1. Indicate the residues belonging to segment B:179-195 that lose 40 Å² or more of solvent-accessible heavy-atom surface (probe 1.4 Å) upon moving from the chain alone to the assembly of all protein chains, ignoring ligands and nucleic acids.
2. Report, in listed order, any pair from A:167/A:336; A:28/A:104; A:293/A:316; A:11/B:199; A:293/A:340; A:42/A:126 with a Cα-Cα distance greater than 24 Å.
3. Looking at segment A:66-123, which GluC sites (Glu not before Pro) are DSSP coil and have at most 16 other C-beta atoms within 10 Å of their C-beta?
4. Divide by every residue of the protein assembly as shown the summed helix terms, -39500 (n - 2.57) for each DSSP H run of at least 4, and state the resulting mean residue ellipticity at 222 nm, rounded to the nearest 500 deg cm²/dmol.
5. Where is the GNM fluctuation largest for chain A (alpha-carbon springs, 10 angstrom cutoff): A:65, A:53, A:159?
6. What is the magnitude of the charge dipole of the protein assembly as shown about its Cα centre, with +1 placed on the Cβ of each Lys and Arg, -1 on the Cβ of each Asp and Glu, and no other charges, expressed in debye to the nearest 20?
7. Which of B:251, A:121, A:62 sits closest to the plus end of the dipole of the protein assembly as shown, meaning its Cα is farthest towards the positive end, when Lys and Arg get +1 and Asp and Glu get -1 on the C-beta?
8. How large is the accessible surface per residue of the protein assembly as shown, computed with a 1.4 Å probe and reported in Å² as a whole number?
Amino acid sequence: MSFLTLSNVSKRFTDFDAVKEFNLDVEKGEFVSFLGPSGCGKTTTLRMIAGFESPTSGTIRIAGEDITERAPSQRNVGMVFQSYALFPNMTVAQNIGFGLRIRKESEDALRERVDEMLSIIHLEQKGNSYPYQLSGGQQQRVALARALAIRPQVLLLDEPLSALDAKIRLSLRAEIRAIQRQLGITAIYVTHDQEEALSISDRIVVMSHGRIEQVGTPFQIYNFPETNFVAGFVGTLNTVEAEVLDSKNGLLRMDGVQFKTSQEEMKGRSAGDRIRMSIRPERFSFVTEQNRKDNVLDCIIENITFLGSVVRIQVKIAGVIFNMDTFNNPFLELPKIGDKHQVTCSQEAVMVYSGEASA
Amino acid sequence: MSVASRIRKFPFWSWLWFILGALYFILPLYATLDFSLRMERGAIGFKAYREAFADLEFLETFGYSTLLAVMTIIVSVTLIVPTAYWIRLRLPEARRLVEFITLLPFVVPAIILVFGLIRVYSSPLEIPFTEIQIGTPLTMLNIGRFHLGTNILIVAGYVVLALPYMYRSVDTGMRTVDVRTLTEAAQSLGASWYTIIVKVILPNVRSALLSGALLTFAIVVGEVVLASFLGIPAFGPYLFLLGQHRAYEPSALTFTTFLITWAAMGIIQLVTGGQGQTAGAH
Ligand SMILES: Nc1ncnc2c1ncn2[C@@H]1O[C@H](COP(=O)(O)OP(=O)(O)OP(=O)(O)O)[C@@H](O)[C@H]1O
Ligand SMILES: [Mg+2]
């Protein structure tokens with residue numbers, strides 16, 4: 001049985017449904033991210049698990065116990081906030097020991113646990129500092145230690161890195177993940193940064209408008225997005241409108257150019273249907289002897305942009321511009337803008353979704 | 001930072017405006033001090049201070065006003081801290097309304113407040129829309145020679161007058177430390193309401209409370225209108241009266257009150273030194 005369970009959880013604020021029919025099972029020790037655009041209900045869901053909001057309907061269980069109506073202070077759930085929320089009047093050690101003191105642990109046990117947490121977050125020297133004497137990254141590590149010191153059943157993190165600058169964000173997210181693995185704690189991590197979610201999670205819950213769009217491993221979410229929203233939100237995507245030519249053989253037409261797809265979604269469509277077609281930039285490549293198979297497309301080079309390890313080339317196929325990514329290397333022979341070329345992508349790379357193309 | 005680098009950082013114009021501003025405040029104060037020291041013809045001395053402090057009535061009225069100020073501070077703190085906290089925590093949508101209410105004492109002159117207070121409290125408690133009356137009028141509530149009713153009345157009036165200052169200090173203090181998130185952090189660590197308020201909230205709004213208390217003190221000790229109309233022997237009316245009969249002593253007392261206020265500010269600085277830093281990114 002799963003460790004943390006949300007069943008049919010909904011939250012309504014006066015006249016606005018912030019979270020709708022949320023169902024999720026999290027295993028013990030698992031690291032799950034909530035990913036979605038601003039306002040999609042990530043924080044609200046997390047706050048319901050913490051007990052700061054109470055669900056309009058549905059139940060939340062931890063280790064089999066129904067905690068839906070339990071006060072936040074009775075839940076044994078650790079919380080890390082975007083704004084750190086360290087107690088300014090207490091030293092680092094007092095902050096970390098706060099929850100233990102409430103649990104009436106002996107002074108010795110308390111000191112030992114605080115030292116242990118300080119060494120886990122590599123701030124052994126800072127026990128007697130006040131929060132305002134620490135950098136943002138250090139403060140957030142202390143907040144993490146404070147939440148973990150009480151040995152919570154579940155650790156909740158609400159965009160813990162978004163107030164930090166890019167370099168620290170990268171190193172701290174790796175550190176959070178390492179500590180979570182080391183302690184084997186179940187963690188829910190809210191973020192609107194898809195790269196962060198992909199790199200840190202065991203599983204990702206992609207949300208939109210208060211609903212779950214898809215739950216899956218980063219690999220599944222990125223490579224097999226189930227809805228057009230997920231495909232568009234996670235990673236970069238070329239999306240165009242196309243017309244079904246032959247649903248049995250997976251043939252589509254866009255601006256007079258024919259594409260072939262292997263996707264099941266095509267079954268049951270009739271010729272002439274309008275459909276959304278999506279292809280990731282990295283699935284395109286220039287045609288060579290080896291890969292000349294499906295979808296060989298004539299194009300004109302429109303623009304070339306260096307993105308560090310990746311070079312993004314904009315190619316115009318018929319009247320439509322597609323992004324194409326290739327790995328950078330010093331021996332790469334780049335085409336010139338305005339050159340005519342041929343690019344290709346496999347039929348598995350052509351994803352189709354129902355509905356009209358929006359962009 | 002060294003003096004040299006300071007000067008380089010603040011160019012000529014900044015200094016000019018700073019000095020002009022400072023003069024605007026310091027000159028009248030200096031004039032008061034200078035005047036208060038010239039009671040004896042042709043000599044600089046503290047005669048005015050000696051005479052002013054020797055007056056028993058000064059000590060009585062100042063002591064009484066101090067007591068009123070302390071009572072006012074206690075009442076307004078117990079009233080405002082929980083209110084401001086609850087609004088930050090659970091009723092953010094009520095903040096505009098409460099802010100507007102706390103501004104009313106600026107809009108309604110004190111003189112109107114006086115007549116309102118007297119009108120309401122000098123009649124017996126009436127049950128609305130009936131002829132039934134219960135209790136004695138508040139103004140007639142006395143214990144021996146001690147006018148309890150009037151004292152309650154004046155403290156109530158002072159709480160209203162001090163409301164804008166107290167509420168704003170407390171509310172700003174609560175915003176800078178983000179009491180709502182601190183409360184949630186403490187709750188998730190298992191803290192009870194008592195622990196949250198005593199260990200987390202109060203220590204972090206302490207400097208805001210102190211500055212609100214200081215402002216309240218200054219207002220109450222210098223207040224004239226309410227005290228005169230309720231006919232109580234407070235420091236404000238005393239100073240006012242003294243000013244009509246004497247020349248030098250009021251200046252001496254005015255300067256003294258300034259010193260007391262500054263001393264209080266200094267104490268606050270000392271007590272809160274190093275505290276009151278906001279949580280958040282640096
Ligand atoms: N207390 C509240 N009262 C009314 N509406 C609320 C309340 N809290 C949140 N909402 C609304 O619920 C929706 C979801 O909010 P939530 O904070 O969960 O979004 P989020 O996914 O965390 O977004 P972000 O990435 O911006 O933090 C938003 O539209 C928000 O306006
Ligand atoms: Mg949020």
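1. B:181, B:182, B:184, B:185, B:187, B:188, B:189, B:190
2. Values: A:167/A:336 34 Å; A:28/A:104 27 Å; A:293/A:316 20 Å; A:11/B:199 32 Å; A:293/A:340 19 Å; A:42/A:126 33 Å.
Going by Cα-Cα distance, A:167/A:336; A:28/A:104; A:11/B:199; A:42/A:126 fall outside the 24 Å limit.
3. Details: sites: A:69, A:105, A:107, A:112, A:116; in loops: A:69, A:105.
Filter output for segment A:66-123: A:69.
4. Values: 20 runs with 286 residues, N = 641.
Taking each H run of at least 4 residues, the total per residue is -14500 deg cm²/dmol.
5. With Cα springs under 10 Å in chain A, the top fluctuation among A:65, A:53, A:159 is at A:65.
6. Numbers: 59 positive and 59 negative charges, 208 e Å.
In total the dipole reaches around 1000 debye.
7. Toward the positive end, the furthest listed residue is B:251.
8. Result: 52 Å² per residue.
The values are calculated or read from the model by the stated rules, or taken from the named source; none is laboratory data. It should be emphasised that the depicted structure is a prediction, and the values quoted were computed from it without experimental measurement. Every residue, glycine as well, gets a Cβ built from its backbone with ideal geometry; the counts of neighbours run over all protein chains shown. Please note that ligands, DNA and RNA were not included when accessible areas were found on the heavy atoms of the full protein model with its side chains. Shrake-Rupley method; radii C 1.70, N 1.55, O 1.52, S 1.80 Å.
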